[in-house]
Amino acid sequence: MEESPRDPIEGDPDNKDFIQKSTENKSETVDAKDNFQLILSNDEIVPNVKISQHKNTILEDRESLKEDEKTTSNTASAEGLNVAQAVNDDKSKILKDNEEQEEISEKSESTDSFNEKIDQSLNSSESVSTNDTVRERRRQDLINQQNELLERQRKAAQFNIQLQTILSNHFRRKRADAGEIAHSHLDNMTSSALSIGIDHAAEYARQLKTLSQVRKQYFEQKERLDAEISSIKNLTERKVAEATEAHDELTDFILKQGSQAISSKTGRAVPVDIYKDLIDSWQKKNAAITVERLENIRLQHQVEKIKNVFKAYDLSESLHLIDFEQMKIENQTYNEKIEERNEETGKLKRKINNTVQILTHSSEKLSSCETGFSQLKKQLGELTDKLNSGRDSLAKLKQKRDALRANYTAMQKTCGLLGQTEMLRGFEESVDNVKAKKQELLNIKEQTRELREKAKHYEQQVPSMKGQKMFISN
């Protein structure tokens, strides 16, 4: 059977004495709080030291209440629901008590401020006799308030003691149950240990001895390795210093010789910057070579470690053969998978090539479309400009047309038959007829004039002819 985890109160055998001591201390603090009184007379005021002591006692009670809450929470996790409900009820009561104590501390601080105000009022109103009554009234009010607070504090302390006694009884019962369980478990352990026959003391001594030996070997090996590391570090530092010194000497020698060198083609001195560039490139290559050498050394060490692991992994020949056959089968399956993956990669490569070709074709087509689009855009701009200009000219022409129409209607009104061809033709014909008639009239008039002249001539000849006839007749 599994044992439930013990609370810290259950594990200690002296928890009973501890709880009793704590209750005694709390009862002593409560008695001290009850006996703590502030005397406010006409000539003296409560000192700040006592008030601070009062606050300290309240804070101690608060801390003890928090510890009690922790213990109650631990016991509630181990006990059943009924015990948890009882502890939670006690916890709520303790919280109420804690809130009351906080109110008491706040009111004690208010009394401190009131006392300071009373000091100021007393110092400022010594010469005035009328302020004495006000001061006495305030003092009396403060004394009454202090007495009320002390009474509430005493009641809260009594309630706290009751709760502590309830908790101590509960823990005492629980500890008795836990002791019985522990004794039964210890009996089971001892019986099992005796049945198995293990000597724990000898085993413990042996383990301690091996531990001391391993620790001694560890420290010796550590000292030896530290010494080797320090010697290797000193050696590497010395070698690095020698290498840097030789490298500096070599570069100085190359620069010195390069400054004295003369070109065979031009016969002039070779510039030193060329040698500096060569030295820089040489240094870069050396740095890359050192990095690669270090990587090679690291890989060699890694290979050696792997070889040692393979050597240490010593198996029988049958197992080697079985592993070899299994590895052959796995290798074959892996090769098949690799071929499948290669085929898939080939298909993917072909798809990629096709997509690349399609993308290039589409990009070329897009570029040509963009050029055509730009040309069409230019044409559209030109046509829009022409359209705008045509719209402007059309508006002007419409204005002219409207003006001409207005003039035409006005001229039609003023000119009469102008513009009516048939009527004008009929008018012309009628005019021609009038002219012809007038000409005929003139001709008729001329004929009538001639006839009248003839008639006059004949009238003039008639009497002479009458006389001749008369003469003839005679």
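A short reminder: the numbers here are calculations on the coordinates, not readings from a lab. This is a predicted model, so every value here is computed, not measured. Note that we place each Cβ from the backbone using ideal geometry, even for glycine, and neighbour counts take in every protein chain shown.
In order along region 269-283, the phi-based Karplus estimate (6.51 cos²θ - 1.76 cosθ + 1.60, θ = phi - 60°) of 3J(HN,Hα) comes to 6, 6, x, 6, 4, 4, 5, 5, 5, 5, 5, 5, 5, 5, 5 Hz; Gly and Pro are listed as x.
Take the Cβ-Cβ distance between N353 and Q332 as r, set R0 to 41 Å, and report the resulting FRET efficiency rounded to the nearest 0.05. It would help to have the intermediate numbers written out before the result.
On the way: r = 31 Å, r/R0 = 0.77.
Between N353 and Q332 the formula returns 0.85.
Label-to-label distance, S389 versus R268, with points set 7 angstrom from Cα along the beta-carbon direction: 6.4 nm.
By how many nm would the segment from N443 to R293 grow when fully extended, if each residue of separation counts as 0.36 nm and the alpha-carbon distance is taken off? Length gained, N443 through R293: 39.3 nm.
Rounded to two decimals, the Cα-based Rg/Rh of region 423-474, with Kirkwood Rh, is 1.53. Report, in whole Å, the centroid distance computed from the Cα atoms of region 444-460 and region 389-415. Using only Cα atoms to place each centre, the spacing works out to 64 Å. Between K435 and V303, residue separation times 0.36 nm minus the direct Cα-Cα distance comes to 33.4 nm. Extent of region 208-298 along its three principal axes (Cα atoms, max minus min coordinate, largest first): 86, 22, 14 Å. Between T360 and F324, the simple spin-label model (points 7 angstrom out along Cα→Cβ) gives 5.2 nm. Zone of M465 (label point 7 Å along Cα→Cβ, backbone N under 15 Å): which residues in region 415-457? Taking a point 7 Å out along Cα→Cβ of M465, the residues of region 415-457 whose backbone N falls under 15 Å are 454-457.
With 0.36 nm allotted per residue and the present C-alpha distance subtracted, the K256-K284 stretch has 8.0 nm of extension available. All C-alpha pair distances within region 329-416, sorted into 10 Å bins from zero, spread as 13, 14, 13, 12, 11, 9, 8, 7, 5, 4, 3, 1, 0 percent across the bins. Extending 7 Å from the Cα toward the beta-carbon at both Q379 and E136 defines two label points whose distance is 11.7 nm.
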